[in-house]
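What follows is a short report on a single structure.
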Amino acid sequence: MSTPDTDLVWYAGYGSNLDPARFGFYLGGGRPPGARRAVPGARDSTPPRRTRPVELHGEMVFGWESPTWGGGISFFDATGTSTSASTSTVLATAYLLTSEQFSDVAAQEMHREPGTLLQLDQVLATRSHAYGPGRYETVHLVGEIDGSPVLTFTCDDPEHLPRNAPAGAYLATLTRGLRAVHGLADDDVASYLLGWEGMETWAPDEVARLVAATT
């Protein structure tokens, strides 16, 4: 891997941030559709310089209880230790941001106030670094695009995170992102969502109906 340009970084969103419209609230601020809380936005609300689909090597699980969505949310497992997952490729949307914008997005995901530049030296050196014990406070280096690092965040131990089914509003947001960025047909969206741990209480026909009804 070549020396990365840390003035610009790619943020890979695999959960609700799959949807570019939902991700935009982390830059501009406000309350996304279906969410229970507003976010303050970034100091620099400029849209991402580029947006593109990416695939992450690992697995995804649904767990915890989100105060924003009222159900489980997505967590990336870079080690791929979940045994029931039907796939080892996690679909994501990559946004090219300044390091300041990435820091402010990370702060909001960590339920902190934006405004502090996140030091990325440790992540770039070791490929993973925990900034705290919270749900999205572990940052992973998952690749490189055009000389800039691709980063995402998750919890420090997704393998042992208590599983919890996501709410319909959360799945609808993922659906919009999978359609808009990855071009998936409805059947493929439903199959993808059902393939991960935490979805066991969702019947396939329920997911199919939800996907079909999502606009």
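Just so you know, all these numbers are worked out from the coordinates, no wet-lab data involved. Values in this document were obtained by computation on a predicted structure and should not be read as measured data. As a convention, Cβ positions derive from the backbone with ideal geometry for all residues, glycine included, and neighbour counts pool all protein chains shown.
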Classify region 53-144 as rounded, prolate or oblate from the Cα gyration tensor: take a ≥ b ≥ c as the square roots of its eigenvalues, call it rounded if a/c is under 1.5, otherwise prolate when a/b beats b/c and oblate if not.
oblate
Exposure proxy check on 44, 19, 205: fewest-to-most Cβ neighbours within 10 Å is 205, 44, 19
Residue-normalised 222 nm signal for the chain, counting each DSSP H run of n ≥ 4 as -39,500 (n - 2.57), nearest 500 deg cm²/dmol, is -8000 deg cm²/dmol
Taking R0 as 30 Å, what FRET efficiency do you get between residue 200 and residue 144 from their Cβ-Cβ distance, rounded to the nearest 0.05?
0.25
What's the longest uninterrupted piece of the chain once you rule out the GluC sites (Glu not before Pro) that are loop residues per DSSP with at most 13 other Cβ within 10 Å?
66-199
Lys and Arg at +1, Asp and Glu at -1: neighbours of residue 93 with Cβ under 15 Å from its Cβ sum to +3
Diffing region 145-158: the Karplus 3J(HN,Hα) column from phi (6.51, -1.76, 1.60, θ = phi - 60°), in whole Hz with x for Gly and Pro, holds 10, 6, x, 10, x, 9, 10, 9, 10, 7, 8, 6, 9, x
Contact order relative to length for the chain, counting C-alpha pairs under 8 Å separated by 6 or more residues, stands in percent at 27 percent
Would you please name the chymotrypsin sites (Phe, Trp or Tyr not before Pro) within region 114-215 that are DSSP coil residues with at most 10 other C-beta atoms within 10 Å of their C-beta?
none
Between the alpha-carbon centers of region 158-184 and region 9-44, tell me the distance in whole angstrom.
14 Å
Under a 5 Å amide H to amide H cut-off, with H placed in plane at 1.01 Å, what residues pair with residue 144 once short-range neighbours are removed?
150
Could you tell me whether region 109-176 comes out rounded, prolate or oblate from its Cα gyration tensor? Rule is a ≥ b ≥ c as square roots of the eigenvalues, rounded for a/c under 1.5, then prolate if a/b exceeds b/c, otherwise oblate.
prolate
